[in-house]
Amino acid sequence: MPAIQLVRLKKQLEELNSLFAKPEDFIARLRSIFEQYGDLTYHAGQATKPASLLLSFHTPAILMKQLEVNLAPLCGAHPLEALATIDMLWQDEYLELRQLACFLLGQTDLSPLQAVLNRLESWPKDTQDGHLIEALFSSGSQRLRREAPDRWLDVLRDWMGTTNLSLHKNALIALLPFVLDREFENLPVVYNLITPALQQDSDNLSSELQKVLVALARRSPVETGYFLRQILATNNELSLQRLVRRCLPSFPLETQVRLKTALQARSTPQKDG
């Protein structure tokens, strides 16, 4: 992999900026940069974490960071041009270009707001890559979560209100960045949104629910412990009990004890009369 010379890269990025309003030329130049700095000798067995399903240039993280810093202001200043370029990036076969599409979507001015929402709703249908979907809902909703959180939460509420399990999964993935954001304080709306999934789909959505519950436990352990005890009091599903047990290590010991007591109460057969 060629070493990155920042002075040279800066010049390349300036040239890239000049093509921002010409999506085809922009992406051709971008691909040439990725090819220049990519590791073409990479083999799948070298992966240290689960690989994406997409092709990859295996470029150094610093290159993506420099691209993000360089292109983010353009998305805020030129949203219509940004959306055209972002759409072409999302259609590319390479992971890095799609990841960049997610990031830039999250930096694009929300004018019109619906344009960003439409892509967050439709793009997950284009991929089965779980890592990419997580990137979309995390970085792709960044500005939306900051500037129009209620609108985005309304969309997630609509998804949870359907009978579509895939939409439920996407809603939970999209909720996680809210919980991880320490500036977001409306945790009760998160509890409200995940309640139906805990009561009805805790087995089918166990992975997504566990991530949200663990994040909630770290943000607000007492409130989250109380919430789970209330759910357990009205639900005797074994899948829910298994889920809560997997989340126990994320709670302080005192809260763990209370949750274990609630779990024991649900697993103890009730005597008649």
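The values are calculated or read from the model by the stated rules, or taken from the named source; none is laboratory data. Because the structure is predicted, anything quoted here is derived from the model rather than measured. Every residue, glycine among them, receives a Cβ derived from its backbone with ideal geometry; neighbour counts consider all protein chains shown. These accessible areas exclude ligands, DNA and RNA; they are computed on the full protein's heavy atoms, side chains included. Shrake-Rupley method; radii C 1.70, N 1.55, O 1.52, S 1.80 Å.
Here is how the numbers come out for the structure above:
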quantity	calculated
Residue check for LEU144: over 25 Å from GLU183 (Cβ atoms) and modelled with pLDDT of 95 or more	no
Residue tally, condition closer than 14 Å to LEU95 by Cβ, modelled with pLDDT of 90 or more and among the hydrophobic types (A, V, I, L, M, F, W, C), over the range 12-60	4
Any pair with Cβ under 7 angstrom, 6 or more apart, that starts in the range 246-258 at a residue that is within 11 Å of PRO221 (Cα to Cα) and ends at one that is open to solvent by 100 Å² or more (accessible area, probe 1.4 Å)	SER250/ARG218; THR255/VAL222
Test: residue in the range 90-106 that is within 18 Å of PHE184 (Cβ to Cβ) and either small (Gly, Ala, Ser) or touching a residue at least 40 places away in the same chain (Cβ under 8 Å) (or both)	yes
Complete set of residues in the range 200-218 that are of a type outside the set (Val, Ile, Thr) and within 13 Å of ILE173 (Cα to Cα)	LEU205, SER206, SER207, GLU208, LEU209, GLN210, LYS211, LEU213, ALA215
Unique match (being under 21 Å from the mean Cα position of the chain (by Cα) and among the basic types (Lys, Arg)) among ARG157, ARG258, ARG229, ARG245	ARG157
Elements of type helices (runs of 4 or more DSSP H) contained in the range 54-151, each with 1 or more residues being within 16 Å of ILE33 (Cα to Cα) and open to solvent by less than 50 Å² (accessible area, probe 1.4 Å)	61-77, 79-90, 95-105
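Quick grid of which residues meet (1) surrounded by fewer than 21 Cβ atoms within 10 Å (Cβ to Cβ); (2) touching a strand residue (DSSP E or B) at 6+ places or on another chain (Cβ under 7 Å); (3) assigned to a helix (DSSP H, G or I):
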site	(1), (2), (3)
GLU185	yes, no, no
VAL190	no, no, yes
THR195	yes, no, yes
ASP203	yes, no, no
LEU213	no, no, yes
ARG218	yes, no, yes
